Amino acid sequence: MSILVIAEHDNAEVKASTLNAIAAAKAIGGDIDLLVAGSGCGSVAEAAARLDGVTRVLVADAAHYADQGAENVAELISSRASGYSHVLAPATTFGKNVLPRVAATLDMAQISDIIAVESADTFKRPIYAGNAIATVQSADAVKVITVRTTAFEAVGEGGSASVEAIDAAVDTGMSSLVGRELTVSERPELGAAGIIVSGGRGLGSGENYHQLLEPLADKLGAALGASRAAVDAGYVPNDYQVGQTGKIVAPQLYVAIGISGAIQHLAGMKDSKVIVAINKDEEAPIFQVADYGLVADLFEAVPALTGELG
Ligand code: FAD
């Protein structure tokens, strides 16, 4: 059995999500090839070769992979997939963009967002916002899988894989990157943060969100997150959103402030190691998943907590 894992990277570093996808591949078992498609991505390939479990690093270095547009990367993967029993990518924005195209091209059924490997053809994945777990068996020749990153412990270093340059596939010319508007932040990335301070509609406004949560996040060295209601109300951009239709996170500490705990929000954070909730409504469902709950007005509790942190 041999498995192709698609590396998520920025041409400089391997993204943490790749380490979780490799862990899922290890659970399946077999040789693991890691595909690095990029431009000027030599440092990524070198780092990838040191990852535990990787047999070979395949590097497709070409200008048309510089921005890792889904059309071109999917074309490359599809052209090489037939030799593999499995193709895996993290279930991040990157993987969710690329892999469905691969599955469609190969005429295989994608198995999305797996959280456990039962055997080489059987996987578990959450459905209904995590309220039920489906066990899915696939008879497809190539199993095209996205991996829920929070469900697999990241692999470490310790490998010594070979690095092989491979030919790029054709430039499909179907899309090109015109520009990228990114939130510039000194804070950790939401998807990979160890601590997250997350705010909801209870904050009342974007101004309050920033005024109350940023000092707390700064003291904790935390990333900032939000409920969908806070995003929809324009308090923060939508890349802050945690939940079923946002990011799935599982930090060491998740602090939910003025968030009611709707199932769609819980679907994105209930696997956090320690959950702290501050809400003035003692009946709020967030308290059912919280390890520590404070029934209080957030406008008093948050500044007090921030002050206590010194
Ligand atoms: P509310 O439910 O309005 O809760 C606000 C909370 O703040 C209340 O519990 C209130 O008691 C508390 N509060 C108010 N004032 C104070 C105060 N002064 N002090 C302390 N507490 C206070 N939601 C997500 O978050 N992420 C998703 O990915 C997501 N995906 C969805 C997908 C679908 C298909 C659907 C239908 C919904 C989705 N939602 C998602 C929306 C979800 O159902 C909820 O509407 C949303 O999570 C509510 O956000 P909230 O908790 O901030 O707001």
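The values are calculated or read from the model by the stated rules, or taken from the named source; none is laboratory data. Every value quoted in this text rests on a predicted model; they were computed, and no experiment measured them. Glycine gets a Cβ as well: all are built from the backbone with ideal geometry, and neighbour counts include every protein chain shown.
Among strands (runs of 3 or more DSSP E) entirely within the range 1-63, having at least 1 residues that are buried (at least 24 other Cβ atoms within 10 Å of the Cβ) and touching a His at 6+ places or on another chain (Cβ under 8 Å) singles out 2-6, 31-38. Taken over the range 123-132, residues that are surrounded by fewer than 15 Cβ atoms within 10 Å (Cβ to Cβ) and either modelled with pLDDT of 95 or more or under 13 Å from G29 (Cβ atoms) (or both) amount to 0. The condition of being hydroxyl-bearing (S, T, Y), at pLDDT 95 or above and within 21 Å of G258 (Cβ to Cβ) holds for only one of S205, S162, that being S205.
Considering each residue of the range 94-112 in turn, at least one proves to be in a strand (DSSP E or B), among the hydrophobic types (A, V, I, L, M, F, W, C) and without any contact (Cβ under 8 Å) to a residue 40 or more places away in the chain. Checked against (1) more than 25 Å from I115 (Cβ to Cβ); (2) within 9 Å of the ligand (Cβ to nearest atom); (3) without any contact (Cβ under 8 Å) to a residue 24 or more places away in the chain; (4) crowded, with 17+ Cβ neighbours inside 10 Å, D297 meets all criteria but (4).
Using the structure shown, decide if D271 is more than 17 Å from P215 (Cα to Cα), more than 11 Å from the ligand (Cβ to nearest atom) and modelled with pLDDT under 95. It is true that D271 is more than 17 Å from P215 (Cα to Cα), more than 11 Å from the ligand (Cβ to nearest atom) and modelled with pLDDT under 95.
Taken together, V255, V302, V276, V249 contain a single residue that is more than 8 Å from the ligand (Cβ to nearest atom), under 29 Å from the mean Cα position of the chain (by Cα), surrounded by 15 or more Cβ atoms within 10 Å (Cβ to Cβ) and free of Cβ contacts under 8 Å to residues at least 60 places away in the same chain, which is V276. You will find that of S85, S79, S43, the residue that is touching a Lys or Arg at 6+ places or on another chain (Cβ under 8 Å) and among the small types (G, A, S) is S85 and no other. If the condition is being aliphatic (A, V, I, L, M), part of a strand (DSSP E or B) and under 13 Å from the mean Cα position of the chain (by Cα), then the range 138-167 contributes only V147. Would you call G225 in a loop (DSSP other than H, G, I, E, B), within 16 Å of the ligand (Cβ to nearest atom) and modelled with pLDDT of 95 or more? No; evaluated as a whole, the condition is false for this residue.
Among the residues of the range 191-222, those identified as within 14 Å of the ligand (Cβ to nearest atom), farther than 22 Å from A267 by Cα and not in a helix (DSSP H, G or I) are G204, S205.
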